[in-house]
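Please read the structure below before turning to the comments.
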Amino acid sequence: MAPLDRAGDADLTFLAAPRYAPLFLTTRAGAALVSPELADQPGQVRARIVVAKPHEAMLRVLPELYVAPTRVSGVHATAVIGRGTTVGRDVSLGAHVVIGRDVVLGDRVTLDAGTVVGDEVRIGDDSHLYANVSVYPRARIGRRVLVHAGARIGSDGFGYVFRDGAHQKIPHVGRCVISDDVEIGANTTIDRGSIDDTVIGPGTKIDNLVHIGHNVRIGALCLVMAQVGIAGSTHIEDGAILAGQVGLAGHLTVGKGARLGAQAGVFGDVPAGETWSGYPARPHKEALRAQAALFRLSGLMKTLERLIDREKR
Amino acid sequence: MAPLDRAGDADLTFLAAPRYAPLFLTTRAGAALVSPELADQPGQVRARIVVAKPHEAMLRVLPELYVAPTRVSGVHATAVIGRGTTVGRDVSLGAHVVIGRDVVLGDRVTLDAGTVVGDEVRIGDDSHLYANVSVYPRARIGRRVLVHAGARIGSDGFGYVFRDGAHQKIPHVGRCVISDDVEIGANTTIDRGSIDDTVIGPGTKIDNLVHIGHNVRIGALCLVMAQVGIAGSTHIEDGAILAGQVGLAGHLTVGKGARLGAQAGVFGDVPAGETWSGYPARPHKEALRAQAALFRLSGLMKTLERLIDREKR
Amino acid sequence: MAPLDRAGDADLTFLAAPRYAPLFLTTRAGAALVSPELADQPGQVRARIVVAKPHEAMLRVLPELYVAPTRVSGVHATAVIGRGTTVGRDVSLGAHVVIGRDVVLGDRVTLDAGTVVGDEVRIGDDSHLYANVSVYPRARIGRRVLVHAGARIGSDGFGYVFRDGAHQKIPHVGRCVISDDVEIGANTTIDRGSIDDTVIGPGTKIDNLVHIGHNVRIGALCLVMAQVGIAGSTHIEDGAILAGQVGLAGHLTVGKGARLGAQAGVFGDVPAGETWSGYPARPHKEALRAQAALFRLSGLMKTLERLIDREKR
């Protein structure tokens, strides 16, 4: 499988959006998955396979074309496992993995090389933590969870009280709870709760370099894109989508199915189902209108200042 | 201890702000720390403990309720320690820790599993580096410093000179100096100095995923929140507070006690004691007024354009 | 070598910009590299060495003053190397390094402690991966590449198709290809391609905590500063410069030599050679003019609203 511009005659490619039609003209791919609307697009590809949704079709074809490497279970001789820890069937523990005391690992859990799991952590069946991940003590990780390299699960939150001339650390005794079917990107950090728990709901997907503060609750099936930052105690309800580099202040609620545009700076609650963007974030249409107004006014400043001057006089 | 909405009758909870009064009505907590202003708030909690500052009270109660796990000193059999390194009393070195040559570790230093410390580093008494931290050669870390999982201390700064058709790397020979009582969040990166040192002042607290460039100097008792980025040679004076995702250009000065609002983009010096926000950052009140003006104008564009059209004619 | 304000009489310093002239007045440095324009700047430094470009001169002097530690080759006893892996001459593999199967390492490759390299990866001659780096299977890393601590190379991209009530993961079968002479900052993440490859061009330098999504292509000799985020399938052409915290949406093209100002939010193509900034990003002059207009208008709102009120009546 290869993209339009790189496919050769032994490759399968796909065309799912009109913007790529020019590349379809010249592709040398042997075959292409094409959506019905684009089925007659000019191009010399030898075989067109017309499918309702090329991306979904690709999802089915890929595992056939690229057979995943067979998972090898076993515990590497250099893995270190603490007292009281119990390990399910067919786990795969890589080189230099370190597991603390009283940990419970489910069946078929995979921990790649260099991953460190703290005391009293639980990890459910079929979860996979990639290389160099750290899990702080007492975190809970569900089933079929993927945690990419370098992610930090359950670190202390950023909480201090200023007293006697210093920032005194608030002890963090809450947990970090990751539900089933969550995926967490590389080098993402999710803090544990201070007193309450930090909770990521089932089926939610989190990209790379995201920061999630203490006591945050994210519902089910959300998408949180790269470099988003969520301050403490903010709640994100089911199905919300946060685009890249969005920042949210603490103690807010983002309603069910709401969407936040890239780089939005959110300082208030966002109602369910709405799309907000900009800084400070507002309903997307208002934000766009304000931006457009600004650029129009900026081009008319001379006339505008003349008007204002006369009014002032 | 548990938050209002999750506490049961065996739990202690707290009420510190009026916005949580509705939860107080229905909490099933056995007891609550309550501030004097909220002492008479309706609710059926069995015992109210009225305290001037519930958050501070919590700080004192928490260590009694949650006894910290006893620190076990010792050097794990898999730890690797370089020649010429000296180690204080009662250190705790976890599994697969790697320490370079000529390192000096103070008393009661804790290095968690997978942490790597470069040659000639010094780490003071009672400091704790969590799992998978990297410290580059020659860094200095003070006493009672906490460094969370995956933080990188003393990496090369981003400095090049374009010559002979390539970006030639400027060697980084300065140090990264972390003073006493600093806390550094998970996956934060602090570059070493190019010629000068990078310095973090005593008692300053830094959150997760923060980037601090070469030659930056941060004073005492600052708070630097998640995902802040500070470009090279910028100085932050004592007691400044930088909210999440703030970005600062290089070679600036942020004065004593200044505050920067979340996501501010700072391209000039910020005077001591002032609060700035927005992009480009301005005094907070000006920034707010400009935002308000923009949204008001955006709603009045039709009338405004009519006025301008007539003036033009 | 030391900066103006810290140099003593045994130190060499430099003066390259007029803004540092006040420090030159009082510096106690023994000698200074000075640009011709600043050669007569008042100050009591004992020896002035006038050079066309002090920064370039520094680049030549530094390696003489600070002799780099001799590189010691060898494979640490605790390194784990998979079957079928071949290793070049004079490699240096640190403690607890883990290398998968069928990897090819060139001559003089250095892998610092705790670094994990997946199956079928290739790393070219003279490349250096610092501590705790992870490289996912099948990535290609060229010659003379520097990868700083905690960087993640080749992690899965963020791609899902919503089907049957869940976000189904799109398998990532493309590679992550890092060309010769690239430098990658600490804790930066670069995803592998979904079907196509993610490619970083020769001589490009990437700072800390940068996110580069799947299928992104970056050309030669670009500079990508700290905390930049580049969404999937965006192309950055040769010589482009992306300042700190810039965010780019997916499927865009940033032309040859274009520059993006710090924190820019880019939602459309950027033409070659242009400088854009702001949110949403526009040509830098337009963005500046709009900002200036906004602050002028914000100060004139009273008069403006009077005008508008009268017009409405």
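Among the criteria (1) on the phi > 0 side of the Ramachandran plot; (2) touching a residue at least 40 places away in the same chain (Cβ under 8 Å), the one residue B:233 does not fulfil is (2).
Considering only residues in region C:160-190 that are within 13 Å of chain B (Cβ to nearest Cβ) and among the β-branched types (Val, Ile, Thr), the one that is farthest from residue B:134 (Cα to Cα) turns out to be C:182.
Can you say whether residue B:124 is surrounded by 20 or more Cβ atoms within 10 Å (Cβ to Cβ), away from chain A (no Cβ under 11 Å) and farther than 19 Å from residue A:151 by Cα, as far as the supplied structure shows? Yes, satisfied. Output the strands (runs of 3 or more DSSP E) that fall wholly within region B:135-187 and possess 3 or more residues being more than 24 Å from the chain's Cα centre (by Cα), or say none. Answer list for region B:135-187: B:160-163, B:166-169.
Tell me, please, whether a residue that is buried (at least 21 other Cβ atoms within 10 Å of the Cβ) and more than 25 Å from residue B:260 (Cα to Cα) can be found in region A:238-256. There is at least one residue in region A:238-256 that is buried (at least 21 other Cβ atoms within 10 Å of the Cβ) and more than 25 Å from residue B:260 (Cα to Cα). Of the residues in region A:31-54, how many are out of contact with any strand residue (DSSP E or B) (no Cβ under 7 Å at 6 or more places or on another chain) and in a helix (DSSP H, G or I)? So the answer is 1.
All conditions in (1) in contact with an Asp or Glu (Cβ under 6 Å, 6 or more places away or on another chain); (2) facing chain B (nearest Cβ under 10 Å); (3) crowded, with 24+ Cβ neighbours inside 10 Å hold for residue C:213, with the sole exception of (2).
Does residue A:10 satisfy the criteria of being of a type outside the set (D, E, K, R) and farther than 23 Å from residue C:159 by Cα?
Working: of a type outside the set (D, E, K, R): yes; farther than 23 Å from residue C:159 by Cα: yes.
Spelling it out, residue A:10 is indeed of a type outside the set (D, E, K, R) and farther than 23 Å from residue C:159 by Cα.
For every residue, the table says whether it meets (1) open to solvent by less than 10 Å² (accessible area, probe 1.4 Å); (2) touching a Leu at 6+ places or on another chain (Cβ under 9 Å).
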{"site": "B:183", "(1), (2)": "yes, yes"}
{"site": "B:186", "(1), (2)": "yes, yes"}
{"site": "B:192", "(1), (2)": "no, no"}
{"site": "B:201", "(1), (2)": "yes, yes"}
{"site": "B:227", "(1), (2)": "no, yes"}
{"site": "B:232", "(1), (2)": "no, no"}
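Which members of region A:8-30 meet the condition of being without any contact (Cβ under 8 Å) to a residue 24 or more places away in the chain and surrounded by 15 or more Cβ atoms within 10 Å (Cβ to Cβ)? Give the steps one after another, and end with the answer.
Keep residues of region A:8-30 that are without any contact (Cβ under 8 Å) to a residue 24 or more places away in the chain, which gives A:8, A:10-11, A:17-28, A:30.
Of everything in region A:8-30, those that are without any contact (Cβ under 8 Å) to a residue 24 or more places away in the chain and surrounded by 15 or more Cβ atoms within 10 Å (Cβ to Cβ) turn out to be A:11, A:20, A:23, A:24, A:27, A:28, A:30.
With respect to residue A:173, is the statement that it is in contact with a helix residue (DSSP H, G or I) (Cβ under 9 Å, 6 or more places away or on another chain) and either open to solvent by 10 Å² or more (accessible area, probe 1.4 Å) or β-branched (Val, Ile, Thr) (or both) true? Judged against the criteria, residue A:173 is a match.
Annotation for region A:157-165: no member residue is farther than 24 Å from residue B:203 by Cβ and buried (at least 24 other Cβ atoms within 10 Å of the Cβ). Checked against the criterion of being on the phi > 0 side of the Ramachandran plot, more than 11 Å from every other protein chain (Cβ to nearest Cβ) and under 30 Å from the mean Cα position of the chain (by Cα), region B:85-92 contains one or more residues that satisfy it. For region C:44-78, a residue qualifies if it is exposed (fewer than 13 other Cβ atoms within 10 Å of the Cβ), under 30 Å from residue A:113 (Cβ atoms) and small (Gly, Ala, Ser), and the qualifying residues are C:68, C:74, C:77.
For region B:79-99, residues that are part of a loop (DSSP other than H, G, I, E, B) and surrounded by fewer than 16 Cβ atoms within 10 Å (Cβ to Cβ) total 5. Of all the residues in region C:151-178, those that are closer than 18 Å to residue A:67 by Cα and of a type in the set (Lys, Arg) number 2.
Can you pull out the residues in region A:129-156 that are open to solvent by 20 Å² or more (accessible area, probe 1.4 Å) and among the aliphatic types (A, V, I, L, M)?
Across region A:129-156, the qualifying residue is only A:146.
Which numbered condition trips up residue C:221, out of (1) in contact (Cβ under 8 Å) with a residue 24 or more places away in the chain; (2) open to solvent by 20 Å² or more (accessible area, probe 1.4 Å); (3) not in a strand (DSSP E or B)? Unmet for residue C:221, out of (1) in contact (Cβ under 8 Å) with a residue 24 or more places away in the chain; (2) open to solvent by 20 Å² or more (accessible area, probe 1.4 Å); (3) not in a strand (DSSP E or B): (1). Put simply, of C:229, C:193, C:203, C:265 the only residue that is at pLDDT 95 or above, within 14 Å of chain B (Cβ to nearest Cβ) and over 13 Å from the mean Cα position of the chain (by Cα) is C:265. Reported count of residues in region C:268-300, each being more than 17 Å from residue B:282 (Cα to Cα), facing another protein chain (nearest Cβ under 8 Å) and buried (at least 17 other Cβ atoms within 10 Å of the Cβ), is 3.
Regarding residue A:4, is this residue open to solvent by less than 40 Å² (accessible area, probe 1.4 Å), of a type outside the set (Asp, Glu), touching a strand residue (DSSP E or B) at 6+ places or on another chain (Cβ under 9 Å) and assigned to a loop (DSSP other than H, G, I, E, B)? So residue A:4 fits the description; yes. When the residues of region C:100-116 are filtered to those that are of a type in the set (A, V, I, L, M) and more than 9 Å from every other protein chain (Cβ to nearest Cβ), the one that is surrounded by the most Cβ atoms within 10 Å (Cβ to Cβ) is C:111. No other residue among C:34, C:45, C:98 is among the β-branched types (Val, Ile, Thr), out of contact with any helix residue (DSSP H, G or I) (no Cβ under 6 Å at 6 or more places or on another chain) and closer than 30 Å to residue C:148 by Cα apart from C:98.
The values are calculated or read from the model by the stated rules, or taken from the named source; none is laboratory data. The model shown is predicted, which means the values in this text are computed figures rather than measured ones. Reconstructed Cβ throughout: ideal geometry from the backbone, glycine too, with neighbour counts over all protein chains shown. Remember, those area values only see protein heavy atoms, side chains included, never the ligands or the DNA or RNA. Shrake-Rupley method; radii C 1.70, N 1.55, O 1.52, S 1.80 Å.
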